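Engineer: Have a look at this one.
Taken together, the values in this text are just the output of simple stated rules run on the coordinates, not laboratory data. Everything quoted here is computed from the prediction, not taken from an experiment. Heads up, the Cβs are rebuilt from the backbone with ideal geometry, glycines too, and the neighbour counts pull from every protein chain shown.
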Amino acid sequence: MAQQVRGVVAPGKGEPVRIETITVPDPGPGEAVVKVQACGVCHTDLHYREGGINDEFPFLLGHEAAGVVESVGEGVTEVAPGDYVILNWRAVCGQCRACLRGRPWYCFDTHNAKQKMTLSDGTELSPALGIGAFADKTLVAAGQCTKVDPAARPAAAGLLGCGVMAGLGAALNTGAVGRGDSVAVIGCGGVGAAAVLGARLAGAAKIIAIDLDERKLTTAASLGATHTVHAAGTDVVAAVRELTGGFGADVVIDAVGRPETYEQAFYARDLAGTVVLVGVPTPEMTLELPLLDVFGRGGALKSSWYGDCLPSRDFPMLIDLYLQGRLDLDAFVSETIGLEEVEAAFEKMHRGDVLRSVVVL
Ligand SMILES: NC(=O)c1ccc[n+]([C@@H]2O[C@H](COP(=O)([O-])OP(=O)(O)OC[C@H]3O[C@@H](n4cnc5c(N)ncnc54)[C@H](O)[C@@H]3O)[C@@H](O)[C@H]2O)c1
Ligand SMILES: [Zn+2]
Ligand SMILES: [Zn+2]
């Protein structure tokens with residue numbers, strides 16, 4: 001029987017979000033209904049509300065979540081009712097050309113639930129990133145549920161579902177930071193702070209955190225940054241070079257995603273170094289660089305989709321590290337809030353007051 005639950009809906013471009021009664025269908029073949037326990041507020045939710053992703057309003061927001069599987073549809077074998085899971089937004093297909101070449105973290109055909117959740121009047125909802133977890137329950141593809149150790153508290157575990165995984169993965173997977181490397185991270189919000197943590201986990205010798213907000217630099221230092229650079233009115237490239245013997249960092253991670261930060265990343269890395277773009281630009285942004293510098297500086301210019309993670313490989317491993325006290329996910333939980341406080345949480349995020357507000361149900 002379809003269920004009626006509460007959900008946070010963005011009704012139209014730029015309009016405040018509101019709580020609506022939504023209808024969650026029983027899971028069909030390959031689907032699961034998950035009872036949500038916690039869901040972080042990510043910048044991408046705000047992008048949806050502002051119409052920056054697409055115009056498929058109304059959106060059911062929320063996508064950094066942990067919860068318990070309530071029911072599964074026909075043919076589902078990977079999870080069962082009662083399993084504690086983190087939801088992921090890249091359920092790999094196993095059959096596309098990326099998957100067949102053994103690189104499933106690039107999967108070009110990730111999938112979501114086929115059925116739609118709706119408003120009470122039958123209007124179909126577009127769940128953010130195919131998840132929609134600012135709700136008591138949500139319907140997803142079973143492959144979007146990744147089982148992890150239930151000892152991890154939902155508010156911390158759920159964050160691996162998006163921003164924190166993207167940042168950790170930008171350092172660990174995409175940037176392939178190694179022992180002794182120097183790393184610079186531009187923008188230390190939830191994603192960049194996680195990149196700092198990832199760089200430390202990988203054994204980087206020097207980790208330079210760069211942000212416009214002093215509070216973010218303080219947090220980054222507590223997570224393992226060895227140096228901080230306040231970006232306002234500063235020549236960021238010169239500052240990074242000065243801190244790295246005049247050369248630049250081996251890996252520079254742009255966790256803002258603007259032309260000016262990308263250009264800083266490009267020139268703040270050492271010759272043959274790596275730039276990782278994990279911040280997401282908007283459609284009107286363009287970049288101009290001397291092609292000779294692209295050639296002459298060598299190395300690699302990479303983008304990081306979801307931290308190039310493979311949820312089934314990375315989530316359980318990172319949760320184990322968290323439970324061993326080696327990965328401080330709790331540091332990202334700035335506050336826990338109720339469903340009715342999502343709009344206020346957007347404000348706090350906008351002002352830079354929080355790394356993550358987390359809705360707890
Ligand atoms: N690649 C992915 O899969 C993925 C996943 C999640 C989020 N993201 C993206 O990552 C980006 C960061 O997300 P977040 O949740 O950390 O956002 P956030 O708002 O919490 O953090 C952004 C940080 O960048 C800082 N900043 C802004 N402009 C700057 C500049 N010019 N120089 C230095 N610092 C600057 C801000 O002060 C803030 O601390 C967003 O673009 C988001 O959409 C990407
Ligand atoms: Zn695939
Ligand atoms: Zn997100």
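Engineer: What size of dipole, in debye to the nearest 20, comes out for the chain about its Cα centre when the only charges are +1 on Lys and Arg C-beta atoms and -1 on Asp and Glu C-beta atoms?
Structural biologist: 860 debye
Engineer: Under 18 Å Cα to Cα from residue 114, which lysines show up? Leave out anything in the same chain fewer than 8 places away.
Structural biologist: Cross-link targets: 137.
Engineer: Rg and Dmax of the chain over Cα atoms: what are they, in angstrom?
Structural biologist: 20.1, 65
Engineer: How much net charge surrounds residue 32 when only other residues with a Cβ under 11 Å from its Cβ are counted (Lys, Arg +1; Asp, Glu -1)?
Structural biologist: -3
Engineer: Here is a further query. Just going by the charge dipole of the chain, with Lys and Arg at +1 and Asp and Glu at -1 on Cβ, which of 29, 54, 304 is farthest out on the positive end?
Structural biologist: 304
Engineer: Under 25 Å Cα to Cα from residue 206, which lysines show up? Leave out anything in the same chain fewer than 8 places away.
Structural biologist: Cα-Cα hits under 25 Å: 216, 302.
Engineer: When a/c reaches 1.5 or more, the comparison of a/b and b/c decides; with that in mind, is the range 39-167 rounded, prolate or oblate per its Cα gyration tensor?
Structural biologist: Judged from the Cα gyration tensor, the range 39-167 comes out rounded (a/c under 1.5).
Engineer: Based on Cβ point charges of +1 for Lys and Arg and -1 for Asp and Glu, what charge dipole magnitude is obtained for the range 1-128 about its Cα centre, in debye rounded to the nearest 20?
Structural biologist: 380 debye
Engineer: Going by average Cβ neighbours within 10 Å, how do the peptides 257-266, 273-282, 74-83, 341-350 rank, with the highest at the top?
Structural biologist: Final packing ranking: 273-282, 257-266, 341-350, 74-83.
Engineer: Would you mind checking which residues have amide H under 5 Å from residue 91's amide H? H placed 1.01 Å from N; only 5 or more apart, or other chain.
Structural biologist: 111
Engineer: Kindly identify the range 177-272 as rounded, prolate or oblate by the Cα gyration tensor criterion: order the square roots of the eigenvalues as a ≥ b ≥ c, call it rounded if a/c is under 1.5, otherwise compare a/b with b/c, prolate if a/b is larger, else oblate.
Structural biologist: rounded
Engineer: For the chain, find the longest principal axis of its Cα atoms and tell me its angle to the long axis of helix 342-351, 0 to 90°, nearest 10.
Structural biologist: Helix 342-351 and the main axis of the chain meet at about 10 degrees.
Engineer: What is the angle, in °, between the Cα long axis of helix 214-223 and the longest principal axis of the Cα atoms in the chain? Nearest 10 is fine, range 0 to 90.
Structural biologist: Long axis of 214-223 versus the principal axis of the chain: about 90 degrees.
Engineer: Rounded to the nearest 20 Debye, what is the dipole magnitude of the range 218-360 about its Cα centre when Lys and Arg each give +1 and Asp and Glu each give -1 at the C-beta?
Structural biologist: 400 debye
Engineer: How large is ³J(HN,Hα) for each residue in the range 299-312, as worked out from phi by the Karplus curve 6.51 cos²θ - 1.76 cosθ + 1.60 (θ = phi - 60°), to whole Hz, x for Gly and Pro?
Structural biologist: These are the phi-based 3J(HN,Hα) values: x, 9, 10, 10, 10, 10, 7, 6, x, 6, 8, 10, x, 5 Hz.
Engineer: How would you classify the range 209-361 from its alpha-carbon gyration tensor, with a ≥ b ≥ c the square roots of the eigenvalues: rounded for a/c under 1.5, else prolate if a/b is greater than b/c, otherwise oblate?
Structural biologist: In terms of gyration-tensor shape, prolate.
Engineer: Report, by chain and number, residues whose modeled amide H sits under 5 Å from the one on residue 118, excluding near sequence neighbours (fewer than 5 apart, same chain).
Structural biologist: Result for residue 118 returns 23, 125.
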